[in-house]
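Inspection log for the structure reproduced underneath, given as structure tokens.
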Amino acid sequence: MNQERYTRQIILGDFGPEAQQRLYEAKVLVVGAGGLGVPVLTYLNAMGVGTLGIVDADVISLTNLHRQVLYDENHIGEPKVNVAISKLKAQNPNSDLIAHQVYLTKDNAISILKNYDVIIDATDNFPSRYLINDACVILNKPFVYGALHGFEGQVSVFNHNGGPTYRCLFPTMPSANEVPNCNEHGVLGIIPGIIGNLQALETIKVLSDIGKVLSGKLLLYNGLDQTFQKIGFPLVPSNLKISKLQSVYDFECGSEQDFIEANDLETLLKKKQVQVIDVRTSQEFDTFHLENTLNRPLDEISDWKEQLDYENSIYLLCQSGVRSHKAIEVLKAHNPNATYVNVKGGINKLRTHAVKY
């Protein structure tokens, strides 16, 4: 370790060379290389965290660039993990950077997370957060949480030294209908930078044993009026007794036959003509879409629901699977006898698979 590189933080009285050595020896996993993951990775890498693992299977799109400032237009269509590692290696060649170009699932979570000291949630969906939480409880790993919506954000640290877990704050997963997302409602580009940097700071505190970690505290940030608020929440001891992962981490969206895996839909489209309705906005559809799919935005569903062929199966597609589920609920109320199929993972998974062809 080149201590001269980190001299401005080593000379801090409450930090010093011992804390810097702890960073150098640490292994941190960042799940997600998007809006939150970019500032987290950039600062932890710059500050001398010795090993950084990155979990992400997505590719870079134009709509990412207003907030994911590690990337530029030349990188559109490239895997985020590959570009991030190239950029981070140029920033600090002494770091050990490990790529996990996969989606985190119940099948790989334990094997990936077990090799790291701290896990950072830089995802944008509830199923991943519950999966990360449960895996961290099983492995006894601290979990640094961040979340965004519009002009606001949240930060906390779960499962730290026997402290409260994510399930202590949010006991059960909300339904898909209750979940907003930035694909529909947007996020101001700088907010992920602020929240991601706060996550990086909490990670540094956990690793170097300085300051007061946000364990049992949820930090709420409002960017419009520049206010912070802390909310305390207690440990629920039973949440520390998780011994195995659940069989499914997903929204409650009906019976299993109502789903198709994203990649399986692409295979199906190559074999035959099927009715696929993409319920994203027209702007999202124009940015990337599959051939032989129709764009019918969710917020215009009352205008187009009469136009569907209810005699044949209707496949509903969106960015992540949330809006398509909402569309199915509306269509079921209109015509309960038709067959509706939700595309799990949506364009997020389809686009990653399609880029390889």
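Those helices (runs of 4 or more DSSP H) of the range 249-319 in which at least 1 residues are aliphatic (A, V, I, L, M) and either within 24 Å of residue 335 (Cα to Cα) or at pLDDT 85 or above (or both), considering only elements entirely within it, cover 262-271, 301-304. For residue 152, the test of being in the same structural domain as residue 32 (by TED's automatic domain parsing), modelled with pLDDT of 90 or more and charged (D, E, K, R) is passed. Applying the condition of being loosely packed, with under 12 Cβ neighbours inside 10 Å and not aliphatic (A, V, I, L, M) to the range 88-117 and asking which residue is modelled with the lowest pLDDT yields 107.
Of the residues that sit in the range 90-101 and are of a type in the set (A, V, I, L, M) and farther than 12 Å from residue 33 by Cβ, which one is nearest to the chain's Cα centre (by Cα)?
Per the stated criteria, the residue is 98.
Are any residues in the range 180-238 at pLDDT below 95, within 22 Å of residue 127 (Cα to Cα) and hydrophobic (A, V, I, L, M, F, W, C), and if so, which ones? Listed by number, the residues that qualify are 182, 187.
I need the full set of residues from the range 128-148 which are touching a residue at least 40 places away in the same chain (Cβ under 8 Å) and over 21 Å from residue 197 (Cα atoms), in order please. Those that are touching a residue at least 40 places away in the same chain (Cβ under 8 Å) and over 21 Å from residue 197 (Cα atoms): 130, 131, 134, 135, 137, 138.
Of all the numbered requirements in (1) more than 25 Å from residue 64 (Cα to Cα); (2) assigned to a helix (DSSP H, G or I); (3) free of Cβ contacts under 8 Å to residues at least 24 places away in the same chain; (4) not acidic (Asp, Glu), residue 330 misses one, and that requirement is (3).
Could you tell me whether any residue of the range 127-141 is of a type outside the set (D, E, K, R), under 24 Å from residue 24 (Cα atoms), touching a Leu at 6+ places or on another chain (Cβ under 6 Å) and crowded, with 18+ Cβ neighbours inside 10 Å? No, the range 127-141 contains no residue that is of a type outside the set (D, E, K, R), under 24 Å from residue 24 (Cα atoms), touching a Leu at 6+ places or on another chain (Cβ under 6 Å) and crowded, with 18+ Cβ neighbours inside 10 Å.
Conditions tested, residue by residue: (1) in contact with a strand residue (DSSP E or B) (Cβ under 9 Å, 6 or more places away or on another chain); (2) in the same structural domain as residue 195 (by TED's automatic domain parsing); (3) without any contact (Cβ under 8 Å) to a residue 40 or more places away in the chain.
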{"residue": "17", "(1), (2), (3)": "no, yes, yes"}
{"residue": "22", "(1), (2), (3)": "no, yes, no"}
{"residue": "37", "(1), (2), (3)": "yes, yes, no"}
{"residue": "41", "(1), (2), (3)": "yes, yes, no"}
{"residue": "65", "(1), (2), (3)": "no, yes, yes"}
{"residue": "72", "(1), (2), (3)": "no, yes, yes"}
{"residue": "80", "(1), (2), (3)": "yes, yes, no"}
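Within the range 266-291, being farther than 21 Å from residue 61 by Cβ, free of Cβ contacts under 8 Å to residues at least 40 places away in the same chain and either touching a His at 6+ places or on another chain (Cβ under 6 Å) or not charged (D, E, K, R) (or both) holds for 267, 268, 273.
Taking the condition part of a loop (DSSP other than H, G, I, E, B), in the same structural domain as residue 121 (by TED's automatic domain parsing), closer than 14 Å to residue 117 by Cβ and modelled with pLDDT of 95 or more, does residue 49 pass?
Here the answer is yes, as residue 49 does meet what is asked.
Could you look through the range 308-324, keep only residues that are closer than 13 Å to residue 338 by Cβ and in contact with a strand residue (DSSP E or B) (Cβ under 9 Å, 6 or more places away or on another chain), and pick out the one that is surrounded by the most Cβ atoms within 10 Å (Cβ to Cβ)?
316
Just one of 58, 134, 72 is under 27 Å from residue 244 (Cβ atoms) and among the acidic types (Asp, Glu); which is it? Being under 27 Å from residue 244 (Cβ atoms) and among the acidic types (Asp, Glu) holds for just one of 58, 134, 72, which is 134. Scanning the range 203-232 for residues that are in a strand (DSSP E or B) and either acidic (Asp, Glu) or free of Cβ contacts under 8 Å to residues at least 12 places away in the same chain (or both) yields 227, 228, 229.
Tell me yes or no: at least one residue of the range 157-165 is closer than 21 Å to residue 319 by Cβ, under 18 Å from the mean Cα position of the chain (by Cα), at pLDDT 95 or above and in the same structural domain as residue 63 (by TED's automatic domain parsing). Within the range 157-165, not a single residue is closer than 21 Å to residue 319 by Cβ, under 18 Å from the mean Cα position of the chain (by Cα), at pLDDT 95 or above and in the same structural domain as residue 63 (by TED's automatic domain parsing).
Kindly indicate whether residue 299 is assigned by TED's automatic domain parsing to the domain that holds residue 260, over 26 Å from residue 78 (Cβ atoms) and either under 26 Å from the mean Cα position of the chain (by Cα) or among the polar types (S, T, N, Q) (or both). Taking the combined requirement at face value, the residue satisfies it.
The values are calculated or read from the model by the stated rules, or taken from the named source; none is laboratory data. Remember, predicted model here, so these are calculated numbers, not experimental data. Backbone-built Cβ (ideal geometry, glycine too); neighbour counts: all protein chains shown.
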